[in-house]
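Right, one structure below, let's go through it.
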Amino acid sequence: MDNLDKEKDTKTVTNHYSIWFVIIASIFVTCIITSNIISVKLINVFGIILPAGVIIFPVSYIISDILTEVYGYSKSRRIIWLGFLCNLMLTVFIWLSGIIKPAQFWDGQAAYERILGFTPRLLMASFIAYLVGEFANAYVLARMKMATKGRWLWSRTIGSTLVGQGLDSLVFITLSFIGTIPLGALFSMAVSQWLFKTLYEVCVTPFTYIAVGFLKQKEGMDVYDYETSFNPLRLSD
């Protein structure tokens, strides 16, 4: 019996996170890291100036929606913190490699610092906005799922994005630029980013339906967070 119990325990631990969960989590973290690297470039989208990160950062909210919808808030919370820690690690090592004296024959130090250098204020704004926006997004979706009894997925994905992306844009733009640009321009920047990211979510809603349906079938689960603690600092179920 002891051997059987050990085999069961091993199987339980091994299957705690499925391959599909690992894939989804990996995509989420990749989106976060990639967004922060490419956001140094400003792009023109139909006359609106936006950081290049907007082409991939909204995907993190779509993945967050999928995680919360299929696996529940508690597992989504863990992945949000994982994304934060991975991004922090990236930032630390980019900074360290930047301050180390370059080889004498290497002439790319100035370009490295210009592209990958971080302004402390922007960095702080990015980290705070990420946590506020992602947790708000997951919280709203989980609450709406219980309120709608699992119906109208589109209302949850779009509704949570409106709140999450709205807070993300407001916090980031405000902390980054308040006191340096007029309030009207600051408000305009925040609203432009918010609307663009929300429209992004609306356009990919059919793909979200496909992904959610596929994962629910593969995993054989559809979590409702009736007994879940929504404390963002709690990592256990």
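The values are calculated or read from the model by the stated rules, or taken from the named source; none is laboratory data. Being a predicted model, the structure only gives us computed values, none of them experimental. With ideal geometry, Cβ positions are generated from the backbone for all residues, glycine too; neighbour counts draw on all protein chains shown.
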Quick check: is even one residue across the stretch 184-206 modelled with pLDDT of 90 or more and among the acidic types (Asp, Glu)? no
Within the stretch 165-179, does at least one residue satisfy the condition of being closer than 24 Å to Phe21 by Cβ and β-branched (Val, Ile, Thr)? no
Whichever residue in the stretch 51-68 is hydroxyl-bearing (Ser, Thr, Tyr) and in contact with a Phe, Trp or Tyr (Cβ under 8 Å, 6 or more places away or on another chain) and, among such residues, is modelled with the highest pLDDT: Ser64
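The rows are residues; the columns are (1) more than 20 Å from Ser39 (Cβ to Cβ); (2) in contact with a strand residue (DSSP E or B) (Cβ under 9 Å, 6 or more places away or on another chain); (3) assigned to a helix (DSSP H, G or I); (4) touching a residue at least 24 places away in the same chain (Cβ under 8 Å).
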| residue | (1), (2), (3), (4) |
| --- | --- |
| Gln104 | yes, no, no, no |
| Arg151 | yes, no, no, no |
| Ser160 | yes, no, yes, yes |
| Val171 | no, no, yes, yes |
Would you say Phe135 is touching a Pro at 6+ places or on another chain (Cβ under 6 Å) and assigned to a helix (DSSP H, G or I)? yes
Checking Val70 against (1) closer than 28 Å to Ile210 by Cβ; (2) part of a helix (DSSP H, G or I); (3) out of contact with any helix residue (DSSP H, G or I) (no Cβ under 6 Å at 6 or more places or on another chain); (4) touching a residue at least 24 places away in the same chain (Cβ under 8 Å), which test does it fail? (3)
Could you tell me which numbered condition Arg234 fails, if it satisfies all but one of (1) exposed (fewer than 13 other Cβ atoms within 10 Å of the Cβ); (2) assigned to a helix (DSSP H, G or I); (3) among the charged types (D, E, K, R)? (2)
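Tally up the residues in the stretch 127-149 that are hydroxyl-bearing (Ser, Thr, Tyr) and under 19 Å from Ile63 (Cα atoms), please.
Within the stretch 127-149, residues that are hydroxyl-bearing (Ser, Thr, Tyr) and under 19 Å from Ile63 (Cα atoms) number 2.
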Identify all residues within the stretch 182-228 that are in contact (Cβ under 8 Å) with a residue 60 or more places away in the chain and either of a type in the set (Ser, Thr, Tyr) or in a loop (DSSP other than H, G, I, E, B) (or both); write none if there are none. Ser192, Tyr200, Val204, Thr208, Met221, Asp222, Val223, Tyr224, Asp225, Tyr226, Thr228
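Condition check ((1) modelled with pLDDT of 95 or more; (2) farther than 18 Å from Ser160 by Cα) across all residues:
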residue	(1), (2)
Val70	yes, no
Ile80	yes, no
Phe93	no, yes
Gly98	no, yes
Gln104	no, yes
Thr119	no, yes
Met144	yes, no
Gly150	no, no
Among Leu162, Leu175, Leu170, Leu123, which is the only one that is under 19 Å from Val29 (Cβ atoms) and at pLDDT below 95? Leu123
Residues (part of a helix (DSSP H, G or I), touching a residue at least 60 places away in the same chain (Cβ under 8 Å) and surrounded by fewer than 24 Cβ atoms within 10 Å (Cβ to Cβ)) located in the stretch 48-57: Val54
Of all residues in the stretch 86-117, which are surrounded by 12 or more Cβ atoms within 10 Å (Cβ to Cβ), of a type in the set (D, E, K, R) and more than 18 Å from Lys41 (Cα to Cα)? none
Which one of these does Ser188 not meet: (1) within 23 Å of Ile32 (Cα to Cα); (2) exposed (fewer than 15 other Cβ atoms within 10 Å of the Cβ); (3) among the polar types (S, T, N, Q)? (1)
Kindly provide the set of residues from the stretch 134-161 that are crowded, with 16+ Cβ neighbours inside 10 Å, over 19 Å from Phe230 (Cβ atoms) and of a type outside the set (Val, Ile, Thr), ordered by number. Leu153
